[in-house]
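Take a look at the structure set out below.
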Amino acid sequence: AGTSVVNMMGGTVTAGNTATTQAMFDNLTTTTGSTTVLSSNSFVSFNGNLTNNGSITPNNALLRMNGGGAQSITGTSLTLNALEANNVGTKTIGTAIDITDSLKISAAATIASGGNLTLKSTSALKGRIAQVAAGGSITGNVTVENFILGGNTGWALLGSAGVSGMTMNDWYDDFPMAIEGSATDVTSAGGYFESVQGWNEGDTYGYDTTITIGTALTPGQGFWTYLGTGPTTTSDILIDLVGNPVTGSLPINLTNSAQSGTCLIANPYASPIRWTLLRNGNLQVTNAIYIYNADGPYASFVSGVGTNGGSDFIPAGQGFYVESLSNTSLNAQESNKVSSS
């Protein structure tokens, strides 16, 4: 407490005590051979720069960039539980950082990622971009991982997992696809098969079979994707997309025509959201979502009741059906995000 500059020359230092006690630094420099342990459930703040050439043990602590101006994290790559920009200014990420819980922007700050940020995803955790405060932003690419649990090979409803500027080609290297314009095309298995299809509510049959390798993965749009690493069962699949993260408000347009208002959309953010917050009481959209499940019946969440695993929480990258009573829209907002893993 009260120390403004810490130079780690070796050994181990523990920073932070509890959720109500902070460790505060102006600048923190760690050198080769040193270990800095961030205590569980603690807040560790620094007002200047972090230069890491040693080892940092993150536990489930929050590392907070608290300075009122430019700050940076440089040196050796590291893994953090949570990173927060808590004051104005540009916060430059100058080394590779894996985030296992959350990236937060709680002020009118800019996180300049430099392509160095990765939101990790496993069967047990999901790195996410938490609510971005007014005036806050992220510049540069972010890698967003999306973990797909193994089971039966079959159809799944997927979206872009919160990254803009992507196309089907960015999915192509992550799981087997039979898609027009690709090396495997749609006849490579000995017969005609399109493993990715869109949905067009205004079409007589609904399914959009015009998808090609160059089709955009538009944030908020859902796709039918035949997903699997084998003919009948699939191992876990990890999708990673590298691009500009989706932040701020995003309108998702809905129609009511040939398919009686049945629209396929997707969570547009790199974060779980709540359906009830996305719907926001829009009476032109029924209070129901439906998700196809290759391992069993459709999952649903209707008027507050979940069936077959359906719930109010929609993971990043999840596509789902809604029912629109007219031509209307859902306005996705930062406030729709939740901390569910």
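At-a-glance table
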quantity: Cα-based reach from residue 126 at 19 Å (exclusive), listing aspartates and glutamates while leaving out same-chain residues under 8 positions away; calculated: 84, 98, 101, 145, 174, 236, 240, 312, 334
quantity: Largest to smallest accessible area among 111, 56 [probe 1.4 Å]; calculated: 56, 111
quantity: Cα gyration tensor shape for the range 201-341, rounded if a/c is under 1.5, else prolate or oblate; calculated: rounded
quantity: Dipole-positive endmost among 219, 37, 150 within the chain (Cβ charges, Cα centre); calculated: 37
quantity: Computed [θ] at 222 nm, helices only, for the chain once each DSSP H run of length n ≥ 4 contributes -39500 (n - 2.57); calculated: -500 deg cm²/dmol
quantity: Computed accessible area, residue 35, all protein chains, 1.4 angstrom probe, square angstrom; calculated: 40 Å²
quantity: Computed magnitude of the charge dipole of the range 87-185 (debye, nearest 20; Cβ of K, R +1, Cβ of D, E -1); calculated: 560 debye
quantity: Inter-label distance for residue 286 and residue 204, nm, one decimal - labels placed 7 Å from Cα along Cα-to-Cβ; calculated: 2.5 nm
quantity: Net charge of neighbours whose Cβ lies under 13 Å from the Cβ of residue 86, counting Lys and Arg as +1 and Asp and Glu as -1; calculated: +2
quantity: Charge tally in the Cβ shell below 15 Å around residue 186, where Lys, Arg are +1 and Asp, Glu are -1, residue 186 excluded; calculated: -4
quantity: GNM flexibility winner over the chain from 142, 88, 37 (Cα, springs under 10 Å); calculated: 37
quantity: Highest-fluctuation residue, 303, 39, 195 considered, GNM on the chain with Cα pairs under 10 Å; calculated: 303
quantity: Cα-based shape type of the range 54-177, given that a ≥ b ≥ c are square roots of the gyration tensor eigenvalues and the cut on a/c is 1.5; calculated: prolate
quantity: Cα gyration tensor, the range 194-278 - rounded (a/c under 1.5), prolate or oblate; calculated: oblate
quantity: Two-site FRET efficiency, residue 311 against residue 238, from Cβ-Cβ distance with R₀ of 22 Å, rounded to 0.05; calculated: 0.45
quantity: Binned Cα-Cα distance frequencies in the chain - 10 Å width, integer %; calculated: 6, 24, 29, 21, 13, 6, 1, 0
quantity: Amide proton proximity set for residue 196, modelled H, under 5 Å, gap of 5+; calculated: 178, 226
quantity: Farthest toward positive dipole pole in the chain [+1 Lys/Arg, -1 Asp/Glu at C-beta], among 162, 340, 329; calculated: 340
quantity: Potential extension, residue 249-residue 95 segment - 0.36 nm per residue separation minus Cα distance; calculated: 52.5 nm
quantity: Residue with peak Gaussian network fluctuation, the chain [Cα springs, cutoff 10 Å], from 105, 211, 273; calculated: 211
quantity: Under 15 Å, Cβ to Cβ, from residue 338 - net charge with Lys/Arg +1 and Asp/Glu -1; calculated: +3
quantity: Full-extension gain in nm, residue 124 to residue 294, via 0.36 nm per residue minus C-alpha separation; calculated: 59.1 nm
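The values are calculated or read from the model by the stated rules, or taken from the named source; none is laboratory data. No experiment lies behind these values; they were computed from the predicted model shown. Note that we place each Cβ from the backbone using ideal geometry, even for glycine, and neighbour counts take in every protein chain shown. Please note that ligands, DNA and RNA were not included when accessible areas were found on the heavy atoms of the full protein model with its side chains. Shrake-Rupley method; radii C 1.70, N 1.55, O 1.52, S 1.80 Å.
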